[in-house]
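This report refers to the structure that appears directly beneath it.
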Amino acid sequence: MECSITEMIGHGPVPPAVPSSRAQLGAQTLAQLTTFGVGGSIANLVEARTETEIVEAVAAADQQGIPVLVIGGGSNILAADDDFAGVVIRDMRHDITTTMDDGCGGGQMTVTAGTPWDDVVVYSLEQEWMGLEALSGIPGSAGAAPVQNIGAYGQEVAETIASLRVYDRQQHRVTTLFLSDLDFGYRHSLLKSSMVSGPWGPSPRWIVLSVNFHMRRATLGAPVKYGQLAAALGIDLGERAPAVDVRQAVLDLRRSKSMVLDDANRNTYSAGSFFTNPILTSAQAEQLPEQAPRFAVTDHTTINQIGGEPTVIEGYVKSSAAWLISHAGFDKGFAVSDRASLSTDHSLALTNRGQACAADVIELAKTVRDGVQKAFGVRLVPEPVFVGLSLD
């Protein structure tokens, strides 16, 4: 029986990796380690080059009772201007290893947590594996991807993760968390919830050491489920296109919204989308204006075949944070000071226009959040990890 699903259609070269970080070697401030360019001095920085160094640094800090911040690309962090009194640990390992590649079983790779995320996407396409193409251009590291369950253009990383190798700070041991353990949801995971429900923040109880991916072999990407991406590719929703074409279209779309890092573009001095799309009950969604976007809430971990649909979670509706922000009166470029503003290309990104401090970003975020709540009764939830500060 033929079990390979590779489509022999031919394709061009994979577009190269794009910047995933602004982090500087030997950084002395969190501003130098984050894409926001905001944050105070670091008391202790460990640039770890082995798994053992990471585990030992985390364990030592926990034993001393000082905060631990494990940082990759720094693309999802808003840090206070005060000095960070704990230890900052950078995973300097950039390794991707193929562990399986055959027609029937698909492809598997193990990726060290410090590997830039877009390098992972490029590697998967070079191996002719599908499932990550729509996640092209997202800044950050492989280890951060499952914490946030990163997603874009109808795809989530939860669809391809098989397991994580982690250091469990509570059990003081290295162990494995499997897909069924991770409680993935929209921008949610077991790891992320441990940062707010226990004593572990600003890093999770489980420190990601490496990520194991399992993907289908195919040169066509997954069925396109996002209208803007389908239009860019010139196909109908649900159709498939060569994965390298999907990657290029995604990169073009992201660049048009200033969502690909570019040191010459102040719009990219941000954490990307600052607020998550709100998940509402059906009754709450009925209170929104008729023209407000409404999408099904789905579980992407249940997709188990090409063309398969995620399970719809009944009773809930997802709306668009960007739509709510712009229709609450906050246009692109809206500012409360000349140091921080909404991106001039995307109303969902808060940006450092130069010399912004954390207080500037917080003031802007509060203004937008409170304005949306006043206009629509919806309280937006911030997406970045806050270090030493809060919106409340």
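The values are calculated or read from the model by the stated rules, or taken from the named source; none is laboratory data. Fair warning: this is a prediction, and the values are worked out from it, not measured in the lab. As a convention, Cβ positions derive from the backbone with ideal geometry for all residues, glycine included, and neighbour counts pool all protein chains shown. Just so you know, the surface numbers come from the protein's heavy atoms only, side chains and all, with ligands and any DNA or RNA stripped out. Shrake-Rupley method; radii C 1.70, N 1.55, O 1.52, S 1.80 Å.
Mind sorting out which of (i) 17.2; (ii) 18.9; (iii) 20.5 is the real mean projected area of the Cα convex hull in nm² computed from the coordinates?
Entry (ii).
At a 1.4 Å probe, what is the % contribution of carbon and sulfur to the accessible area of the range 224-322?
Ligands and nucleic acids excluded, carbon and sulfur give 47 percent.
What distance in nm separates the two pseudo spin-label positions at E286 and K374, each 7 Å out from Cα along the beta-carbon direction?
2.8
Per the 1.4 Å probe, what fraction of the accessible area of the range 96-217, in percent, lies on carbon and sulfur atoms?
49
Quote the Stokes-Einstein diffusion coefficient, in whole µm² s⁻¹, for the range 96-217, based on the Kirkwood radius over alpha carbon pairs, a temperature of 37 °C and a viscosity of 0.692 mPa s.
227
If I model a spin label at F295 and S320 as a point 7 Å from the Cα along the Cα→Cβ vector, what separation in nanometres do I get?
1.0
Give the peptides 323-335, 170-182, 277-289 in descending order of average Cβ contacts within 10 Å, highest first.
In descending order of packing, they fall as 323-335, 277-289, 170-182.
Taking a point 7 angstrom from the Cα of E363 along the C-beta vector, which residues in the range 75-89 have backbone N less than 18 Å away?
Answer for this model: 79-82.
Going 7 Å from the Cα of T99 in the Cα-to-Cβ direction, what parts of the range 159-178 have a backbone nitrogen less than 15 Å from that spot?
Answer for the range 159-178: 160-167, 175-178.
Mind checking the dipole of the range 266-387: about its Cα centre, +1 per Lys or Arg Cβ, -1 per Asp or Glu Cβ, Debye to the nearest 20?
Dipole size: approximately 320 debye.
Counting pairs of alpha carbon atoms under 8 Å apart in space and at least six apart in sequence, what relative contact order in percent does the range 96-217 give?
Worked out over the range 96-217, it gives 31 percent.
Rolling a 1.4 Å sphere over the protein heavy atoms, what is the accessible area per residue of the range 30-91, to the nearest Å²?
I get 37 Å² per residue for the range 30-91.
Report the extension gain between V381 and D82 in nm, rounded to one decimal, defined as 0.36 nm multiplied by the number of residues separating them, less their alpha carbon distance.
Gain on stretching V381 to D82: 105.3 nm.
Take each of the peptides 157-166, 199-208, 223-232, average the number of other beta-carbon atoms within 10 Å over its residues, and list them starting from the highest.
157-166, 199-208, 223-232
For the range 266-387, what is the relative contact order in percent, using Cα pairs closer than 8 Å and at least 6 residues apart in sequence?
Reported relative contact order: 31 percent.
Taking only protein heavy atoms into account and a 1.4 Å probe, give the accessible area per residue of the range 266-387 in Å².
The answer is 46 Å² per residue.
Sorted from largest down, give the three principal axis spans of the alpha carbons of the range 30-91, whole angstrom values.
30, 22, 15 Å, listed from the longest principal axis down.
Which of K225/K332; K257/K332; K192/K332; K225/K318; K257/K374; K318/K374 have a Cα-Cα distance over 21 Å?
Checking Cα-Cα distances, K225/K332; K192/K332; K257/K374 exceed 21 Å.
Please compute the modelled spin-label separation between Q64 and L25, points set 7 Å along Cα→Cβ, answer in nm with one decimal.
Distance between label points: 2.4 nm.
Provide the gained length on full extension for the span R49 to K225, in nm with one decimal, where the gain is 0.36 nm per separating residue minus the Cα-Cα distance.
Extending this stretch completely gives an extra 59.5 nm.
Using θ = phi - 60° and the Karplus curve 6.51 cos²θ - 1.76 cosθ + 1.60, what whole-Hz ³J(HN,Hα) does each residue of the range 284-295 get, with Gly and Pro shown as x?
Computed from phi, the couplings for the range 284-295 are 5, 5, 5, 7, 6, x, 4, 7, 5, x, 9, 10 Hz.
Once the other residues with Cβ under 12 Å from the Cβ of R266 are scored (Lys, Arg +1; Asp, Glu -1), what is the net sum?
So the environment of R266 carries a net charge of -2.
To one decimal place, what Kirkwood hydrodynamic radius in Å is obtained for the range 266-387 from all pairs of distinct Cα atoms?
Mean inverse Cα-Cα distance, inverted, gives 15.5 Å.
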